[in-house]
Amino acid sequence: MLKNQINKIIQNKTVSNIAVVAIITILVKFVGFYKEVKVAEEFGLSELLDTFYIALLIPGLINQVFLISFKSVFIPNYIAELKEKKEAASFQTVSFVITIGLGLIFTLISFFFTDFYLDIFFPDHTESYYGLVKIQFHYLAPCLVIWGLNALLSGILNIFDEFKYSSVYPILTSILMLVCLLGFQNILQERVLAVGMLLGSLAEFIFLLIVSLRKGIIKFSTPDFTSKNTRMMLREFPARITSSFLTGMVPATDQYFAGQLAIGSITALNYGYKVPAFISAIAIVALGNVLLPYFSKLILDNKETAYERLYTIIKVLFGGILAVIIPLCFLSYFVIEILFERGAFTANDTNTVGLIQIVYFLALPFSICTDVLVRFLTGINKNTFMAVVSFISLLLNIIFNYIFMKLYGVMGIALCTTVIEALKFGVFYMYSKKLQKT
């Protein structure tokens, strides 16, 4: 029976779509990594680079918490609207209005909040330092509207199975930043990175808009904010925001507790997480882009089949990830030695980071499969439940970090992450089983 279910997935092109997105994502990540290498080569640990990241912090957080969250609740409800009415121009118009409105509102909030934010979180710097932040921020804040539109357009492309276009577009920002850095740094000076990101974001928007128009999937009509699926989308949005925000707080708490330990503990965590994070990012982007619209469509067509496919994907994915990470666990110290052991990074550092990396590797089957379950639950608008789980997970993360840190030091913080991911996976899996029976 399992073999038959796998064959059905392959016949529906799900696996091939995931493979295509994974390959494109790897290409995008490598170009992004090359961009980071050139930026590091040019600026090192400089004031300009510090101020760029500070200027990007608030817009980046707003993008992740609010704009990406809206995309997540937009996709299943847009698919439901298409299923019911065969044409969803009004719903699409509403979504564009909301996206532009959110982008403009948060852009204004960001401008008004900048001085307060700098005074509270980054005090005691020079006026020239704050000046660099503000100069770059003025180019980054307008990106919020563009990022929101890009997220929405990429979501629409995902719905219509245009995954290659919705996966490749982030490469444009890396390319434009490289062009600005290598070709126009003398002209742009301290604005070079911020202008590169703004131009890259605009290029992404133009690319996505042209593709969407050529595919004929952009449709506008009189917006109707009272339709059933619009009201459902707006009702689910706050819960999705809450879940995203609380989930994003977990790494922050890990770094806080690591900061209570010996100097170098935060760095050890970051180095230990780099390779697992790379694997996780490829899997989550590839699976996420494909599976949210896939499940949203399938649930409307055949609920029981959707649950069967979900559990088949979970079983195959969990086993496949285990087959990858078990050898990686044995090679962990070797990987760290090859990647980082040079200069000030000693053999003792390799031993510490290698063990942390093993613990993070063990979290991967749970975290990636949890993301699949999250996509499924998002597809059936169960965001409130996920927000509750995210809140409990954050509380447990604080408690377990304190306990494990006392027992095992910095490795205990990594162990806490693995335990929390395993618990979340168990909760979401049991909840989905419960929903299947209702």
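The values are calculated or read from the model by the stated rules, or taken from the named source; none is laboratory data. Computed from a predicted structure; not experimentally measured. Here the Cβ positions follow ideal geometry from the backbone for every residue, glycine too, while neighbour counts run over all protein chains shown. When the accessible area is computed, the model is the full protein with side chains, heavy atoms only, and any ligands, DNA or RNA have been set aside. Shrake-Rupley method; radii C 1.70, N 1.55, O 1.52, S 1.80 Å.
Just a few scattered comments:
- Unique residue being surrounded by fewer than 18 Cβ atoms within 10 Å (Cβ to Cβ), more than 30 Å from Glu190 (Cα to Cα), modelled with pLDDT under 80 and not polar (S, T, N, Q) when the list is Val21, Val15, Val97: Val15
- Yes/no for Lys406 being of a type in the set (Lys, Arg), within 28 Å of Ala262 (Cα to Cα) and open to solvent by 60 Å² or more (accessible area, probe 1.4 Å): yes
- Top-ranked residue of region 138-148 - restricted to ones that are without any contact (Cβ under 8 Å) to a residue 60 or more places away in the chain and in a helix (DSSP H, G or I), ranked as most open to solvent (accessible area, probe 1.4 Å): His138
Here's the yes/no breakdown for (1) open to solvent by 80 Å² or more (accessible area, probe 1.4 Å); (2) modelled with pLDDT under 80; (3) of a type in the set (S, T, N, Q):
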{"site": "Val28", "(1), (2), (3)": "no, no, no"}
{"site": "Glu36", "(1), (2), (3)": "no, yes, no"}
{"site": "Glu41", "(1), (2), (3)": "yes, yes, no"}
{"site": "Glu47", "(1), (2), (3)": "yes, yes, no"}
{"site": "Ile54", "(1), (2), (3)": "no, yes, no"}
{"site": "Val65", "(1), (2), (3)": "no, yes, no"}
{"site": "Phe74", "(1), (2), (3)": "no, no, no"}
{"site": "Lys85", "(1), (2), (3)": "yes, yes, no"}
{"site": "Ser90", "(1), (2), (3)": "no, no, yes"}
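- Segments classed as helices (runs of 4 or more DSSP H), wholly inside region 232-347, with at least 3 members that are free of Cβ contacts under 8 Å to residues at least 40 places away in the same chain, closer than 23 Å to Asn401 by Cβ and open to solvent by 50 Å² or more (accessible area, probe 1.4 Å): 265-301
- Region 373-412, residues that are over 30 Å from Ala268 (Cβ atoms), touching a helix residue (DSSP H, G or I) at 6+ places or on another chain (Cβ under 7 Å) and in a helix (DSSP H, G or I): Leu373, Arg375, Phe376, Leu377, Thr378, Gly379, Asn383, Thr384, Phe385, Met386, Ala387
- Residues in region 199-229 that are modelled with pLDDT under 85 and open to solvent by less than 50 Å² (accessible area, probe 1.4 Å): Ser227, Asn229.
- Some residue of region 328-337 being aliphatic (A, V, I, L, M) and in contact with a Cys (Cβ under 6 Å, 6 or more places away or on another chain): no
- Hits in region 156-198 (condition: crowded, with 20+ Cβ neighbours inside 10 Å, part of a helix (DSSP H, G or I) and free of Cβ contacts under 8 Å to residues at least 40 places away in the same chain): Leu172, Thr173, Leu176, Cys180, Val192, Gly196
- When region 409-438 is filtered for residues that are of a type in the set (S, T, N, Q) and open to solvent by less than 30 Å² (accessible area, probe 1.4 Å), the ones remaining, listed by number, are Thr417, Thr418, Ser432.
- Residue pairs meeting the criteria (Cβ under 6 Å; at least 6 apart or on separate chains; first touching a residue at least 24 places away in the same chain (Cβ under 8 Å), in region 384-413; second among the hydroxyl-bearing types (Ser, Thr, Tyr)): Met386/Ser243; Ala387/Thr242; Ala387/Ser243; Ser390/Ser243; Ser390/Thr247; Asn397/Thr253; Ile398/Thr253; Val410/Ser265
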